[in-house]
Each structure stands twice: as C-alpha cells, then as structure tokens.
1. State to the nearest 20 debye the size of the charge dipole of the chain about its Cα centre, where the only charges are +1 on K and R beta carbons and -1 on D and E beta carbons.
2. As a test of understanding, state the convex hull volume per residue of the stretch 2-63 from its alpha carbons, in Å³.
3. Could you work out how far helix 45-55 tilts from the main Cα principal axis of the chain, as a 0 to 90 degree angle to the nearest 10?
4. Report, in deg cm²/dmol and to the nearest 500, the calculated mean residue ellipticity at 222 nm for the chain, where each DSSP H run with n ≥ 4 adds -39500 (n - 2.57) and the sum is divided by the residue count.
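Throughout, read-outs are computed from the coordinates displayed, never taken from laboratory work. The shown structure was predicted, so the numbers you read here are calculated from the model rather than taken from an experiment. Backbone-built Cβ (ideal geometry, glycine too); neighbour counts: all protein chains shown.
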Amino acid sequence: MTEAIKQLGLGQGDTVQVEVDPKSEQIIIQKSNKITLPLGLSDDFLENLSQVMDSYDETLKGLKDI
C-alpha cells in the first residue's frame, strides 16, 4: 500500500477521491485536484455551496427548463 501511495504522489494532508467499481469489485483511489479559490472567498465557500445545491437540487434542475 505504501508503494501505491508513493506512485500517486500523495502526502500527509492531501485529499483523495475513493470510488468502488461494483462490477470489478475494485477500490479506486485518485488524488484530488487542489482548487485555489479567488481572493475574497472564504475557505468554507465550496462546502456551503455544495450544501445549498444539495438542498435545492430539484429546484435548480427545474430552472434550466425555464
């Protein structure tokens, strides 16, 4: 496992994306791309945006048809 982590270039504190492929029953681990927010946006902006989008998912999908 340590060798796989080295191959991905992962270090302590890095974020990863973990998926399970049900067909092959494999666990897929990918290094997440680090996003740099524009100046003036707080660190929790993306988390808050994600929560709003989850809460209003159906409403937002309906807006595209207007």
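1. Its charge dipole is roughly 280 debye.
2. Values: hull volume 9.1 nm³, N = 62.
Convex hull of Cα atoms, per residue: 147 Å³.
3. That helix lies at roughly 60 degrees to the long axis.
4. Details: 3 runs with 25 residues, N = 66.
One gets -10500 deg cm²/dmol as the mean residue ellipticity at 222 nm.
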